[in-house]
Structures are given as structure tokens and as C-alpha cells.
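Please read the structure below before turning to the comments.
The values are calculated or read from the model by the stated rules, or taken from the named source; none is laboratory data. Quick caveat: nothing in here was measured; it's all calculated off a predicted structure. Glycine also receives a Cβ, built like all others from the backbone with ideal geometry; neighbour counts cover every protein chain displayed. With ligands, DNA and RNA removed, areas are computed over all heavy atoms of the protein, side chains included. Shrake-Rupley method; radii C 1.70, N 1.55, O 1.52, S 1.80 Å.
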Amino acid sequence: QVQLVESGGGLVQAGGSLRLSCAASGRTFSSYAMGWFRQAPGKEREFVAGISWSSDITYYADSVKGRFTISRDNAKNTVYLQMNSLKPEDTAVYYCAAGIHPVVYTNPHMYNYWGQGTQVTVSS
């Protein structure tokens, strides 16, 4: 069992930056691929970024490529999402997820554990 707790969300002006963190419990964090997803009101949950268990593979949605960076620190059981050049359309609840597989998937159904989410609001 893995428990995930996100933090770092908030209100920021367009063009600003935020760093989200996701702290995981459990001793096998390094065995999981990790992903960040987001869900805006009235929209489906969408993939944002993912990282393999060894950090050798990262993958981004086209909408955030070049602006967001995912990373992980297996010693701290934590995955991060650095978000720069934020836009109003980035406003959503952001969730981290853990998947019992070594590679990155964009399909949310491939992830086994989810956090409760953290709100990110970008004002224009």
C-alpha cells in the first residue's frame, strides 16, 4: 500500500511559478513509476507528466512541455513538479499517482494509487 500526499498548490499570477511535491509512504517508492495529472472543473482528468522509477524516462503532455519539469528523489520518497510560465489554462486540481510498473503511462487507469490533490489557480 502506498499513500500519497500532495502539497505546494496555491494562487499565482500568469507567468509565475509553483513547485508541487508529492510525498509517498512505503518502502517501495523507488519501484513505482510516478505521474502528475490534473482535472479542471467540468473536464476529464488529464495526464501532465510522468517519470519512471529510475528517472531515466520522463514524459510530458504537449500542453506543458518546456514549461513543467518532473523529478523524483527516491531517498526522500518524493516526486516534484516544477511549473514555470504558468497560464490561466493550467488552473486545475493536480494529483500525483503511483503505478506498479517501471515505465511511464499516460492513461490514468494504469496507476494504482492516488493522492487527494492540490489546487492550482493561475490568475490572468
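Working note: Cα atoms of region 39-87, range along each principal axis, descending, whole Å: 36, 20, 17. Average accessible surface for region 61-107: 45 Å² per residue, computed with a 1.4 Å probe over protein heavy atoms with every protein chain in place. Quick one: what do you get for the chain if you divide its Cα Rg by 2.2 N^0.38 Å? Cα-based Rg divided by the globular estimate yields 0.97. Net charge in the neighbourhood of Asn84 (other residues with Cβ under 13 Å of its Cβ; Lys, Arg +1, Asp, Glu -1) is +3. For the set Leu4, Leu11, the ranking by accessible area, highest first and with no ligand, DNA or RNA atoms included, is Leu11, Leu4 under a 1.4 Å probe. Listed by chain and number, the aspartates and glutamates whose C-alpha is less than 18 Å from the C-alpha of Lys76, apart from same-chain residues fewer than 8 away, are Glu6, Asp56. In loop segments of region 25-124 as defined by DSSP, the trypsin sites (Lys or Arg not before Pro) with at most 16 further C-beta atoms inside 10 Å of their C-beta are Arg27, Lys43, Arg45, Lys65, Arg67, Lys76. Of the solvent-accessible surface of region 31-124, computed with a 1.4 Å probe over protein heavy atoms with every protein chain present, carbon and sulfur atoms account for 49 percent. Computed from backbone phi, the HN-Hα couplings of region 20-33 come to 8, 10, 9, 9, 10, 8, x, 8, 10, 3, 5, 8, 9, 6 Hz, rounded to whole numbers (Karplus: 6.51 cos²θ - 1.76 cosθ + 1.60, θ = phi - 60°; Gly and Pro given as x). Listed by chain and number, the lysines placed with their C-alpha closer than 21 angstrom to that of Lys65 are Lys43, Lys87; residues fewer than eight positions away on the same chain are left out. The charge dipole of region 21-124, taken about the Cα centre with unit charges on the Cβ atoms of Lys, Arg (+1) and Asp, Glu (-1), comes to about 160 debye, rounded to the nearest 20.
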